[in-house]
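The values are calculated or read from the model by the stated rules, or taken from the named source; none is laboratory data. Everything numeric in this text was worked out from a predicted model, so none of it was measured. Here the Cβ is made from the backbone with ideal geometry for all residues, glycine too, and neighbour counts use every protein chain on show.
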Amino acid sequence: MLTGMQIAVIGGDARQLEIIRKLTELDAKLSLIGFEQLDHAFTGAVKEKMEEVDFLNMDAILLPVPGTNLEGQIETIFSNEKVYLTEDILLQTPGHCTIYSGISNPFLNGIIKNSKRNLVQLFERDDVAIYNSIPTVEGTIMMAIQHTDFTIHGSNVAVLGLGRVGMSVARTFHALGAKVKVGARKSEHLARITEMGVEPFHLNDVEKEVSSTDILINTIPHLIVSASVLSKLPAHTLIIDLASKPGGTDFRYAEKRGIKALLAPGLPGIVAPKSAGQILANVLSQLLQDELLKRKGKVQ
Ligand code: NAP
């Protein structure tokens, strides 16, 4: 339970609603900022404007997945108001106040450092990344179906990277009957790819390995699908680039060659916002309960 915990939920999209639902069920007291256009009311949660919030007793601040932008503005789907997080706001909070966000950026890192508060980036956690790979793969399948005129079954699929997303993508396309090969650079990854029953190749050989690819799925956040790789791809190849912006594809050259290349960020929030919200809600509620127990232990 989170009885007695005071939490500010600032901005965000439908995923935050699952978090709000879960935290109110656990008896936390919530200040909701950037939600005035939301019709639904939650027991234990009060909609407030930033300037009305009492941050003096705030135990935690929950930001949406992107955190803030580089000016400190927070995305608010359920509000027309511009909401900003500032160093001054963080300095009003007690020293133990923890800020939770999906990812961070230089602005957020800067105000966290100057205010000496603790930032938890949920998307850096393996559990969140692995759970999130499930809706990510479903979104990838949706895109592959929408943008091709052939079945996934029997097609040649090349996956670049065997991280948390790459592994789920490779496994699922393999299970759908595609002929999957996966490119990686670590020998333990090449061993795992072999164990999975799909074809491994070293990324050094990527140009040579992609010459008969129907669908290329990149998960590497680094320019890997370069002009020289693109020049070896068949013209009908569909590229789905899952890596975080700006992706790992030379999109300019892909367009020049007439290859369809799609950057596909944020698939979990698009194809399954409820599940994506529940993933975050479950991990967050556990972290907050651990934090509360730790603090109670220190006080006793
Ligand atoms: P991850 O577990 O860190 O995996 C990244 C993979 O990229 C690893 O196999 C890593 O190999 C490889 N890699 C990184 N830098 C490389 C380089 N310079 N050269 C060659 N290989 C390199 O990350 P993840 O959780 O799978 O996520 C992958 C990407 O997808 C991230 O950018 C993430 O933000 C994004 N993502 C997108 C969506 C979406 O909806 N589109 C959803 C979730 C995640 P090594 O181990 O050898 O470094």
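Descriptive notes on the structure:
- Screening PHE78, PHE35 for residues that are assigned to a loop (DSSP other than H, G, I, E, B), surrounded by 17 or more Cβ atoms within 10 Å (Cβ to Cβ) and touching a Lys or Arg at 6+ places or on another chain (Cβ under 7 Å) leaves exactly one candidate, PHE35.
- Within the option set PRO64, PRO94, being assigned by TED's automatic domain parsing to the domain that holds VAL53 and either touching a strand residue (DSSP E or B) at 6+ places or on another chain (Cβ under 6 Å) or not in a loop (DSSP other than H, G, I, E, B) (or both) holds for one residue only, PRO64.
- Members of the range 207-224 found to be surrounded by fewer than 20 Cβ atoms within 10 Å (Cβ to Cβ) and within 10 Å of the ligand (Cβ to nearest atom), listed by number: PRO221, HIS222, LEU223
- Index of the failed condition, GLY139 passing every other in (1) assigned to a helix (DSSP H, G or I); (2) over 22 Å from LYS274 (Cα atoms): (2)
- Looking at ALA235, ALA272, ALA261, just one residue is in contact (Cβ under 8 Å) with a residue 24 or more places away in the chain and under 18 Å from the mean Cα position of the chain (by Cα), and that residue is ALA272.
- The residue list ALA227, ALA281 contains one member that is farther than 26 Å from ALA129 by Cβ and either among the small types (Gly, Ala, Ser) or within 16 Å of the ligand (Cβ to nearest atom) (or both), which is ALA227.
- Residue in the range 81-91 that is surrounded by the most Cβ atoms within 10 Å (Cβ to Cβ), counting only those that are part of a loop (DSSP other than H, G, I, E, B) and not basic (Lys, Arg): LEU85
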